[in-house]
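The next block holds one structure in the form of structure tokens; read it before the comments.
What follows draws every value from the coordinates through simple rules; no lab data is involved. Not measured: the values here are computed from a predicted model. Because the Cβ atoms are built from the backbone with ideal geometry, glycine has one as well, and the counts that use them run over all protein chains shown.
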């Protein structure tokens with residue numbers, strides 16, 4: 001009667017092997033537990049790396065994505081690569097934003113040049129058309 005369920009009178013391990021539902025549930029529980037432990041190990045290793053690099057000057061709270069630097073708090077952006085998250089350094093964010101701004105400014109300058117060129121072409125075309133219309137009006141006045 002040791003290690004048995006009273007309904008079937010067989011050892012618990014045999015019940016787990018024979019019942020597909022129970023074995024699937026146990027397998028899922030094992031997988032979830034393994035994934036959870038891997039995630040916690042990754043978080044701990046990331047925190048250790050950050051503390052080693054910073055020398056303890058700042059602290060990253062991975063749950064809230066907050067970076068505290070010598071009394072200053074700012075929100076930290078996180079890259080997601082699957083389930084692995086990697087913090088972005090503030091300098092990288094600044095350089096990335098500056099590159100984007102420069103790209104937008106150069107594109108804006110090009111667009112302004114194109115628009116002003118189109119504007120000057122339209123003005124020339126309208127002036128030519130007005131001159132032709134005025135010439136035709138003068139020709140019509142001569143026939144009266």
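Here are a few things to note about the model shown:
- Here the simple spin-label model places points 7 Å from the Cα toward Cβ, and for residue 34 and residue 89 these points are separated by 3.6 nm.
- A simple packing score, the average count of other Cβ atoms within 10 Å per residue, orders the peptides 93-101, 42-50 as 42-50, 93-101, with the highest score first.
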